[in-house]
Amino acid sequence: MTEGMLLVGGTRSSPEVRHEVAADIPDPVIWLSRGRQDTVWASPLDLEPLRAAGAIDDMRSYDELGYFTLRAELPAPDLFAELTRRALEAERLRRVRVPWDFPMRVADGLREAGVEVIADPDAFAARRRAKREWELEGMRRAAVAAQAALLEAAALLRAEPDGLTCERIRERMTATLLAHGAESEEILIHAGARIPQGHDLGFGPIEPDLPVQIDCFPRHRASGLYIDMSRTWVPGTPGAAAERHWQDCMDAYEVAVRDARPGVEDLYARACDVLESRGHPTQRRPGEGLQKPDRGFMFSLGHGVGLEVHEAPSLGRRPDPLAEGDTIAVEPSLGYEGTGFVMIEETVQVTPGGGRYLVEPLPFGLRLPGGG
């Protein structure tokens, strides 16, 4: 039985659709792949942007499927179910693979018409992991914006240490991102001697001589691509424990970036080897009587980045084997009450020679770039 891969949706709600068609299309499209042949049905208003994006050669108007007549008769969910059924019927397809979040009404309509609909999230994740050049360029632009925002934060930490707050830094970083064509409302800023609670935004005053960990993961607005990077700086003089924790994180980070090669399955374990050898608890070895660590290396090593800030592959205890071209955020961290939270993070591309930076990284180190 001949089968295809099917997507139905708009590019702003479906990263799978955006990956395949490249253009930013607000209205739903139907994308169908049969091996090396891809076809998109779309509104006549969207055909020119799709053509300009250059990702799809075979573009067809919804009018070929009777859209003009059907839209006066059917509500939107039933309309797209019927359009999709007609598209598959025209291609003589009776079985399709779809992502896990495929529209239920469309799937129901296809099954009612005798089409076998198979959820295959791994197949679509694999397609998205193979980044196209326009996606890599979008990630580079997001990275440039993130670096500008981080440098703005560093300048504030140098110039205004007294009375400075996490909120003030986040406000200035957000404005800098917008000026560089990117956006983020969730810049994480963890300052002081406490351990942060997961993705807590971070609030309150900046304390001298204690770590300020800033996690910036903006979206480039034009392309929809994300980047993920983090630096930890100390305004003033870092304590001995913070210096030691930073060096341990850096050593684990360098091992992970060096070993980010196709086929590697245990990148998380390799980072754990480094940190455990320095005496730090990890998720793998949380400590006697604990199911998960309450200090040390409490989180995973990272994740894939692209049209979503968290996507395949996983770099946790149950990791995915790396594939050439993956773009992954490598983010070893250490947290201890009384010392604070230290993390180093960059997004790199998996290559046979190890992780490759998308842009030249900012300086590493606890001391603020450009001065003490």
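Some notes on this structure:
- Length-normalised contact order of region 228-322 in % [C-alpha pairs under 8 Å, at least 6 apart]: 24
- Shape class of region 170-223 from the Cα gyration tensor (axes a ≥ b ≥ c, square roots of the eigenvalues): prolate, since a/c reaches 1.5 or more and a/b is larger than b/c.
- Taking every protein chain into account, the accessible area of region 94-222 amounts to 48 square angstrom per residue (probe 1.4 Å).
- Dipole magnitude for region 1-154: computed about the Cα centre from +1 point charges on Lys and Arg Cβ and -1 point charges on Asp and Glu Cβ, it is near 400 debye.
- Modelled this way, with points 7 Å down the Cα-to-C-beta line, the labels at ALA155 and LEU74 are 5.5 nm from one another.
- For region 130-257, the ratio of Cα radius of gyration to the globular rule of thumb 2.2 N^0.38 Å stands at 1.10.
- Taking a ≥ b ≥ c as the square roots of the Cα gyration tensor eigenvalues, region 32-92 comes out oblate, since a/c reaches at least 1.5 and a/b does not exceed b/c.
- Extension gain for ARG34 to GLU167 (0.36 nm times residue separation, less C-alpha to C-alpha distance): 42.9 nm.
- Cα centroid of region 145-170 to Cα centroid of region 282-299, whole Å: 32
- Just the protein heavy atoms count here, and of the accessible area of region 108-233 at 1.4 Å, carbon and sulfur take up 49 percent.
- Cα gyration tensor shape of region 314-372, rounded if a/c is under 1.5, else prolate or oblate by comparing a/b with b/c: oblate
- Taking the 1.4 Å solvent-accessible surface of region 257-372 as the whole, the part contributed by carbon and sulfur is 46%.
- Gap separating the Cα centres of region 67-96 and region 244-281, nearest whole Å: 51
- For the chain, averaging the sequence separation of C-alpha pairs within contact (under 8 Å, six or more residues apart) and dividing by the residue count gives a relative contact order of 14 percent.
- Only protein atoms count toward the accessible area here, which uses a 1.4 Å probe; on region 7-96, the carbon and sulfur part of that area reaches 46 percent.
- Surface calculation, 1.4 Å probe, protein heavy atoms: PHE203 sits at approximately 130 Å² accessible.
- Label zone at TRP134 (point 7 Å along Cα-to-Cβ), backbone N below 16 Å, region 197-232: 220-226
- Per residue, region 280-372 exposes an accessible area of 43 Å² to a 1.4 Å probe, with every protein chain left in place.
- The alpha carbon centroids of region 21-64 and region 184-217 are separated by 43 Å.
- Dipole magnitude for the chain: computed about the Cα centre from +1 point charges on Lys and Arg Cβ and -1 point charges on Asp and Glu Cβ, it is near 400 debye.
- Proportion of all alpha-carbon pairs of the chain beyond 40 Å (%): 25
- Value of [θ]222 nm, deg cm²/dmol, for the chain, DSSP H segments ≥ 4, -39500 (n - 2.57) each, nearest 500: -10000 deg cm²/dmol
- Solvent exposure of THR69, expressed as accessible area, is near 80 Å², computed with a probe of 1.4 Å over the protein chains only.
- With the simple model of a label 7 Å out from the Cα in the direction of the Cβ, ARG270 to ILE118 spans 3.4 nm.
- Sequence-separation-based contact order of region 1-143, relative, with Cα cut under 8 Å and 6+ spacing, percent: 21
The values are calculated or read from the model by the stated rules, or taken from the named source; none is laboratory data. Worth saying up front: this structure is predicted, and the values here are computed from it rather than measured. No Cβ is skipped: glycine too gets one built from the backbone with ideal geometry, and neighbour counts run over all protein chains shown. Areas reflect the complete protein model, heavy atoms only, side chains present, ligands, DNA and RNA absent. Shrake-Rupley method; radii C 1.70, N 1.55, O 1.52, S 1.80 Å.
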